[in-house]
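Asks: The structure follows.
The values are calculated or read from the model by the stated rules, or taken from the named source; none is laboratory data. Note that the coordinates shown come from a computational prediction; the quantities given were computed from them, not determined experimentally. Neighbour counts run over all protein chains shown; Cβ positions are idealised from the backbone, glycine included. Keep in mind that these areas ignore ligands, DNA and RNA; they rest on the heavy atoms of the full protein, side chains included. Shrake-Rupley method; radii C 1.70, N 1.55, O 1.52, S 1.80 Å.
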Amino acid sequence: MKLVDEPLEWPWERAATTHGVLMDFVTDRVAAPDGTWMVRNYMDHPNSVGILALDDQGRIAIEHQYRHPVRHRLVEAPAGLCDLADEDLATTAKRELAEELGLAGEHWSVLVDMFATPGSSTQRSRIFLARGLTTVPRPEGFQLEGEEADMEVGWADLDDLVDAIFAGDVNNPVLVAGVLALKVAQSTGLDRLRPA
């Protein structure tokens, strides 16, 4: 079998849409190849980015942020929605890193792309690696709000994060996928990563 995700669209019709604050909730009727119809509910979600900011000591910038749907304060990497028109993914990642952590990266690569929850959301996430970090001011006019206003930020050793993932202590999908991808990339060579 080929190891590539294949774009494909079965016949479908929109049955209902409920508009939300950041995303819509939709119901579609989908025609299966055998001729039967299925009903599928999912979030029509903007794409997102995540950033593993790696410093010269091998540490990753992390955030502790409350997430109401799961009722947990999660260990996370900086991340954000692609919610500005005409902003490419790399620009969104750079903006999010400056907004959330006041950092900029000199060297950017793509660690991994993933569909966050493909059975229930259209959200696609690209996780970047940022290196050569420097401190920068937050963008003019940007204010931390909601959960972000209560964030704790810090640094964690990459190997400690790997251990926490395997222990089941860290569950944020962007952080988990990014950390494990970075660990593999370090063992096979960071030069294999795609340019941002």
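Asks: Please go through region 12-21 and pick out each residue that is surrounded by fewer than 10 Cβ atoms within 10 Å (Cβ to Cβ) and either among the hydrophobic types (A, V, I, L, M, F, W, C) or part of a loop (DSSP other than H, G, I, E, B) (or both).
Replies: Val21 - this is the single residue of region 12-21 that is surrounded by fewer than 10 Cβ atoms within 10 Å (Cβ to Cβ) and either among the hydrophobic types (A, V, I, L, M, F, W, C) or part of a loop (DSSP other than H, G, I, E, B) (or both).
Asks: On the basis of being farther than 29 Å from Leu158 by Cα and either open to solvent by 70 Å² or more (accessible area, probe 1.4 Å) or not in a strand (DSSP E or B) (or both), does Val26 make the cut?
Replies: no
Asks: With the requirement that a residue be of a type in the set (A, V, I, L, M) and at pLDDT below 95, what does region 10-42 give you?
Replies: Passing the criteria: Val21, Leu22, Met23.
Asks: Among (1) at negative phi; (2) open to solvent by less than 40 Å² (accessible area, probe 1.4 Å); (3) outside any helix (DSSP H, G or I); (4) not acidic (Asp, Glu), which single condition is Leu182 missing?
Replies: It is condition (3) that Leu182 fails.
Asks: Right, another one. Between a first residue in region 74-90 that is within 14 Å of Met23 (Cα to Cα) and open to solvent by 40 Å² or more (accessible area, probe 1.4 Å) and a second residue that is assigned to a loop (DSSP other than H, G, I, E, B) and of a type outside the set (D, E, K, R), which pairs have beta carbons less than 6 Å apart while being 6 or more apart in sequence or on different chains?
Replies: What qualifies is Asp83/Pro46.
Asks: All but one of (1) at pLDDT 95 or above; (2) outside any loop (DSSP other than H, G, I, E, B); (3) exposed (fewer than 15 other Cβ atoms within 10 Å of the Cβ) hold for Asp191, so report the exception by its number.
Replies: (1)
Asks: If Leu97 passes every condition in (1) in contact (Cβ under 8 Å) with a residue 12 or more places away in the chain; (2) open to solvent by 10 Å² or more (accessible area, probe 1.4 Å) but one, which one does it miss?
Replies: Failed condition: (2).
Asks: So Asn47 clears everything in (1) within 30 Å of Leu190 (Cα to Cα); (2) touching a Lys or Arg at 6+ places or on another chain (Cβ under 6 Å); (3) at pLDDT 95 or above; (4) open to solvent by 40 Å² or more (accessible area, probe 1.4 Å) except one condition, right? Which one?
Replies: Asn47 satisfies all of (1) within 30 Å of Leu190 (Cα to Cα); (2) touching a Lys or Arg at 6+ places or on another chain (Cβ under 6 Å); (3) at pLDDT 95 or above; (4) open to solvent by 40 Å² or more (accessible area, probe 1.4 Å) except (3).
Asks: Could you please find all residues in region 161-179 being part of a helix (DSSP H, G or I) and surrounded by 14 or more Cβ atoms within 10 Å (Cβ to Cβ)?
Replies: If the condition is that a residue be part of a helix (DSSP H, G or I) and surrounded by 14 or more Cβ atoms within 10 Å (Cβ to Cβ), then Leu161, Val162, Ala164, Ile165, Pro173, Val174, Leu175, Val176, Ala177, Gly178, Val179 are the ones that fit.
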